[in-house]
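Below is one structure, written out as C-alpha cells; comments come after it.
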Amino acid sequence: MALPGPHASFPGSPRLGIQLYAVRDALKQDFAGTLTALATIGYREVEFAGLHGQSAADGRALLDRLGLAAPSGHIGLDDLEQKFTSVVADAKALGHRWIVVPWLPEELRNVSGYTQVAERMSRLAPRLRRAGFTLGYHNHSFEFDRLGDGSTCGYDILLQGTAAAGVVMELDLFWIKQGGADAADYFRRFPGRFRLVHVKDMGADGSQVNVGDGVIPWPALLHTARRAGVEHFFLEHDEPRDQLAFARESYAYLSRQKF
C-alpha cells in the first residue's frame with residue numbers, strides 16, 4: 001500500500017500532545033482531575049496507554065468536555081490479535097485514528113522474531129484499515145541493536161517489512177538516540193512513514209529529563225519531522241519525579257518553539 005506523501009508545507013506549529021504514560025500515577029489517583037490539569041496547561045491531544053479503570057465511553061465524554069482529542073493509543077500486539085473486536089470498539093469510542101504497538105518482548109528481538117512481527121503487523125494492518133484505523137509501531141532503543149552479521153537492525157526489518165501494508169512508525173526521539181541511530185536521517189530517507197513522534201529529552205548523562213532541559217536540538221529536529229509528514233507530537237518522560245510538573249514545564253518550553 002502506498003502511503004500519502006509528506007507535507008510540502010505546513011502552517012504554524014502543531015497542536016501539542018502528551019503520552020499519558022508520563023502521568024499514569026496521577027491518572028490512577030484522579031483520572032478526571034489529571035486530564036483537566038493537562039487541558040488547563042494547554043495540551044490539546046493525548047495518547048492513551050491504558051484506560052486506568054475507565055470505560056472508553058466515559059473517557060471520550062471527558063475528553064470532549066475538556067476540548068481534548070485522542071488521535072492514538074498504545075495496544076500490545078497480542079491484544080490486537082486476540083481481542084480485535086473489543087480493541088476496535090474502544091478505539092472508535094475514544095476517537096483514535098492510529099493504533100500503535102508499543103513494545104516487543106525480548107524473545108522476539110532477533111532477525112526471526114522481527115520478521116515474524118513484521119508479518120503479523122502486515123496481516124493486521126488491512127483489518128484495521130477496514131475498521132477505520134492505521135496501524136503503527138513505537139520503538140525503544142533495542143530495535144537499533146545490530147543483528148546477525150551487523151548489516152541490519154530490528155527497526156529496519158520492521159520498517160521495510162511493513163511498508164507494503166501501510167504500517168506507519170511512531171518514532172521515540174529519545175530511544176532512537178540512545179540506540180545510536182539518527183532520527184533526522186530516518187525522517188529524510190523514509191518520508192511519509194513517520195506520522196507520530198514521542199518528544200522525550202535526553203540529559204548529558206543519557207537520562208530522561210524534561211523537554212528543553214537536555215541535549216536534543218528540538219526546533220531543528222521537529223521541523224525535519226514535520227517535513228517528513230509527522231502530524232502528532234506527544235511529549236513524554238518515563239519516570240518524571242513530578243508528573244504534572246514535567247507536563248507543565250515541558251509544554252511551556254515546546255510551545256515557545258517554532259517548528
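Just so it is clear, none of the values below were taken in a lab; they were calculated from the coordinates. Keep in mind the model is a prediction, meaning the values are calculated, not measured. Please note: Cβ atoms are built from the backbone with ideal geometry, for glycine as well, and neighbour counts cover all protein chains shown.
Some notes on this structure:
- Think of the chain as a dipole: +1 on every Lys or Arg Cβ, -1 on every Asp or Glu Cβ, centred on the Cα centre; then among 96, 157, 73, 96 lies furthest on the positive end.
- Gyration tensor verdict on region 121-234 (Cα atoms; rounded if a/c is under 1.5, prolate if a/b is larger than b/c, oblate otherwise): oblate
- Given the choices (i) 1, 6, 14, 18, 20, 18, 14, 8, 2, 0, 0; (ii) 1, 5, 11, 16, 18, 17, 14, 10, 5, 2, 1, 0, 0, 0; (iii) 1, 6, 11, 14, 14, 13, 10, 9, 7, 6, 4, 3, 2, 0, 0, P(r) over Cα pairs in 5 Å bins from 0, in percent derived from the coordinates of this structure is entry (i).
- Dipole magnitude of the chain about its Cα centre (Cβ charges: Lys, Arg +1; Asp, Glu -1), debye to nearest 20: 1100
- Net lengthening on full extension, residue 32/residue 89 (0.36 nm per residue, minus Cα-Cα): 18.4 nm
- Highest to lowest packing among 168-176, 43-51, 188-196, scored as the average C-beta count within 10 Å: 168-176, 43-51, 188-196
- Förster-model FRET efficiency, 51 Å R0, residue 79 and residue 204, C-beta, rounded to 0.05: 0.85
- Within region 95-138, chymotrypsin sites (Phe, Trp or Tyr not before Pro) in DSSP loop having at most 16 other beta-carbon neighbours inside 10 Å: 103
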